Amino acid sequence: SKNSVFTKSTARNVRPKSALTFTLEEFVELVNWLVDNTYISNGGQCRRQCQGMPMGTNYAPPICDLYLYVHESSHIDQLLLEDKIEEAKAYHLTFRLIDDVLSIDNPLYEDLVKSYPSYLTAEETSLPDGANFTGMSIRSGPNNQIELGVYDKRKDFPFKVVRYPNLASEIPTNIPYGVFIGQLYRFYRI
């Protein structure tokens with residue numbers, strides 16, 4: 001059909017009938033609908049989210065990643081268009097996970113930060129001897145080695161943080177399981 005993502009030349013790559021395909025316009029319309037129709041129940045009141053999106057929703061992390069990736073990718077693409085290959089290579093040890101960025105041994109990182117829109121701010125969270133990134137402690141070790149460990153962000157807050165949501169609470173059941181799976185994945189990555 002006219003709105004299909006596939007063309008006749010790619011017909012051999014047919015997806016199962018249960019798979020959905022969207023045009024770019026349809027995808028943008030669906031994302032806009034999600035962002036414009038997010039409601040939160042708190043203290044017996046239902047409220048509409050008017051600005052941004054709550055990070056507890058299923059769609060927020062991938063949209064955040066995509067949004068920031070567009071700016072970062074455009075920055076790298078511009079360097080390549082200007083034949084600044086060495087400058088582009090400086091980002092080879094730059095990693096993103098939602099709103100956290102780790103850029104190792106990159107003297108040009110500030111240029112990447114400047115590529116973001118002015119309403120986004122990047123907070124420097126490096127430490128004198130390393131950094132904490134997505135639950136990982138990264139430190140300079142002896143003989144130019146890197147020491148990795150587990151970083152517990154809860155210790156940074158002046159209040160008690162509940163690590164695992166209670167299954168009997170009113171939150172959707174996928175959230176506690178997601179937290180648990182996220183912890184397993186974090187330990188695997190470390």
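The values are calculated or read from the model by the stated rules, or taken from the named source; none is laboratory data. Quick caveat, the model's predicted, so the values are computed rather than measured. All Cβ positions, even for glycine, are placed from backbone atoms using ideal geometry, and neighbour counts span all protein chains on display. Surface accessibility is based on the protein's heavy atoms, side chains included, excluding ligands, DNA and RNA. Shrake-Rupley method; radii C 1.70, N 1.55, O 1.52, S 1.80 Å.
Observations
- Solvent-accessible surface (1.4 Å probe) assigned to Lys89 amounts to roughly 110 Å².
- Peptides ranked, highest mean first, by Cβ atoms within 10 Å: ranges 28-36, 114-122: 28-36, 114-122
- If you count Lys pairs in the chain whose Cα atoms are under 24 Å apart, skipping same-chain pairs closer than 8 places in sequence, the total is 4.
- Accessible area (Å², 1.4 Å probe, nearest 10) - Phe187: 100 Å²
- Formal net charge of residues neighbouring Arg96 (Cβ-Cβ distance under 14 Å; K, R +1; D, E -1): -3
- Note on the stretch 27-91 and the stretch 112-184: Cα centroid distance 19 Å, given to the nearest whole angstrom.
- Compactness check for the chain: Cα Rg over 2.2 N^0.38 Å is 1.30.
- In the chain, the portion of solvent-accessible area held by carbon and sulfur atoms comes to 57 percent [1.4 Å probe, whole percent, DNA, RNA and ligands not counted].
- Taking the Cα centre of the chain as reference, the dipole from Cβ charges on Lys and Arg (+1) and Asp and Glu (-1) amounts to some 1100 debye.
- Think of each Lys and Arg Cβ as +1 and each Asp and Glu Cβ as -1; about the Cα centre, that makes the dipole of the stretch 87-154 roughly 160 debye.
- Nitroxide proxy distance, nm - points 7 Å out along Cα→Cβ at Glu147 and Cys50: 5.0 nm
- Charge dipole (the stretch 12-79, unit charges on Cβ, about Cα centre) - positive-most of Ser74, Val28, Ile40: Ile40
- D_trans [Stokes-Einstein, Kirkwood Rh over alpha-carbon pairs] for the stretch 51-100, 25 °C, 0.890 mPa s, µm² s⁻¹: 199 µm²/s
- Accessible surface computed residue by residue for the stretch 28-97, with neighbouring protein chains in place and a 1.4 Å probe, gives 72 Å² per residue.
- In the stretch 115-190, a dipole from Cβ-located charges (positive for Lys and Arg, negative for Asp and Glu) runs towards its positive end, and of Ser118, Phe157, Phe187 it is Phe187 whose Cα lies farthest in that direction.
- Among 66-78, 50-62, 128-140, the order from most to least packed when residues are scored by Cβ within 10 Å on average: 128-140, 66-78, 50-62
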